[in-house]
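The values are calculated or read from the model by the stated rules, or taken from the named source; none is laboratory data. Just so it is clear, the structure is predicted and the values come from calculations on it, not from any experiment. Quick reminder, even Gly has a Cβ in these numbers, built from the backbone with ideal geometry, and neighbours come from all protein chains shown.
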Amino acid sequence: MGLIGGDYIILSNPLKYDLHVHSKYSLNCGTLEPEAIIKHAMKTGLDGIAVTDHDTIKGGLESKKCENELFKVIVGCELNTSHGEIIGLFLTEEIKSREIDEAIDEIHEQGGLVVIPHPFDRMRKFSFNDLSSYVKKIDAIEGFNARCIFNKYNEEAMEFAKKHNIPVTAGSDAHYANEIGLAGVYVSEISKKGIIGNSEIFHKKSSLFNHLKTKSHKLMKSL
């Protein structure tokens, strides 16, 4: 997939990125310290991750401090908008608006990318709706999310992306260390600005046990 065209460096060895990870800064569901995320991600053989906490880039900024020559961090955010959740990648500032068109504009004004995560997952309360109306405003669709319980939801995302010629990403949607690196992309091109270019996805589903842990965590938070 080509997220942004032009001025790409061809990599001799593809890099492995998980583009959807949560830290403790996802207050209702995250548990992981940024340092722990980086250490575990490197152990699993990843070359980089996108930290995409709910409604904030704090986790991404803290994780960015832990990157090194061998491992890179993309600062991101999974934002709950008026039309459901979107992911912004390569962010430098918090996204202030929750109105969908304004939020997309804010991401693009920062030079970031707009990705629609798990768009057809009907098990999730905040999945994006009215996707067809935003085909020209988004940069990519998450074609595989490791936390989609039913395969058909990821399959629908892939089919929609193919039909509309939209680039595809993938991510673990990790809330726990054992989920980091379950899904993501093999990157074969990257721009001089650090923007991911051509890539292929890798994927493996998270266990139902992790879903149950998240449910329990949210219940404890509410209490």
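When segment 21-36 is filtered for residues that are farther than 11 Å from SER63 by Cα and polar (S, T, N, Q), the ones remaining, listed by number, are SER26, ASN28, THR31. Only one entry in PHE120, PHE144 is surrounded by 14 or more Cβ atoms within 10 Å (Cβ to Cβ) and in a loop (DSSP other than H, G, I, E, B), namely PHE120. Only a single item in (1) in contact with a Gly (Cβ under 7 Å, 6 or more places away or on another chain); (2) buried (at least 18 other Cβ atoms within 10 Å of the Cβ) is not met by PHE126, and it is number (2).
Close contacts from segment 78-95, counting a first residue that is over 12 Å from THR52 (Cβ atoms) and charged (D, E, K, R) and a second that is surrounded by 21 or more Cβ atoms within 10 Å (Cβ to Cβ) and at pLDDT 95 or above, with Cβ to Cβ under 9 Å and a gap of 6+ residues or different chains, come to GLU93/ILE57; GLU94/ILE57; GLU94/CYS77. Once segment 145-179 is narrowed to residues that are at pLDDT 95 or above and of a type in the set (Ser, Thr, Tyr), the residue that is farthest from GLY59 (Cα to Cα) is TYR153.
Residue-level check: of (1) surrounded by fewer than 24 Cβ atoms within 10 Å (Cβ to Cβ); (2) without any contact (Cβ under 8 Å) to a residue 40 or more places away in the chain; (3) small (Gly, Ala, Ser), GLY30 misses just (2).
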